[in-house]
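The numbers here are math on the coordinates, done by the rules we state, and not lab data. Everything numeric here is computed off the predicted structure, so don't read it as measured data. Using ideal geometry, Cβ is built from the backbone for each residue, glycine included, and neighbour counts are taken over all protein chains shown.
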Amino acid sequence: MSVLVKSLLGGAVAGSLLMGATAVADEIAAGHVYDLGRPATPEEIAGWDVDVMPDGTGAAMGQGTAAEGEEIYMVQCAYCHGEFGEGLERYPVLFGGEDTLASGNPVKTPGSYWPYASTLYDYIYRAMPFGQAQLMTPDQVYALTAYLLYINFVIDDEDFVLSNENIGDIEMPNREGFIADSRPDAQPAEVCMSACDVPTTVVGRAAIIDVTPDNADDAPAIVLE
């Protein structure tokens, strides 16, 4: 059989299958029950419903102190983030960074950047340790969160008990450093695709850090060996 005949036959079969699938789709009634799957159980939903709101709503019951969290940090976190939170290799720094956010080299740590302690707890509980997410219990995560707050001078007592009852009350240094996004979460009913008259306000500009030369004379010479 020639290549041309095979191609024609293949196209005819594909076309027939496509037409058949279209006909079946046209016959499917909206809202029809196909007896596939089952409702999720409350236990299954609870396993995924672990996010915590800024005010602490949704935080799991538990508590811990910075004194307890130090040992947990050394076992679960220091391998990547360093014994002092300095960040090893390319892993994030977890200590310091005060007054650097407006500089050309901002250091974003729980103490300098994160707006809510509850968000710190939420992220650690859901995503850490790296590669073994949700390995730790709520008590361990509260203790670890308290330790990170302690080494960043957010709390000054290593025996302060951080819990689901007060995690939303912790005042973080950069709480007021974020701008609320007033844009809607969904697309408008009518989307403009051309010649759109959309009001625009410039709220910030990129910092000039003198990386690119102003003219060709200032550019470094390229030497080919």
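For the range 128-158, name all the residues that are farther than 22 Å from residue 93 by Cα and either in contact with a helix residue (DSSP H, G or I) (Cβ under 6 Å, 6 or more places away or on another chain) or among the hydroxyl-bearing types (Ser, Thr, Tyr) (or both).
Answer for the range 128-158, where residues must be farther than 22 Å from residue 93 by Cα and either in contact with a helix residue (DSSP H, G or I) (Cβ under 6 Å, 6 or more places away or on another chain) or among the hydroxyl-bearing types (Ser, Thr, Tyr) (or both): just 137.
Residue 145 is checked against (1) without any contact (Cβ under 8 Å) to a residue 60 or more places away in the chain; (2) within 24 Å of residue 48 (Cβ to Cβ); (3) β-branched (Val, Ile, Thr); (4) in contact with a Phe, Trp or Tyr (Cβ under 9 Å, 6 or more places away or on another chain) and fails just one. What number does that condition carry?
(1)
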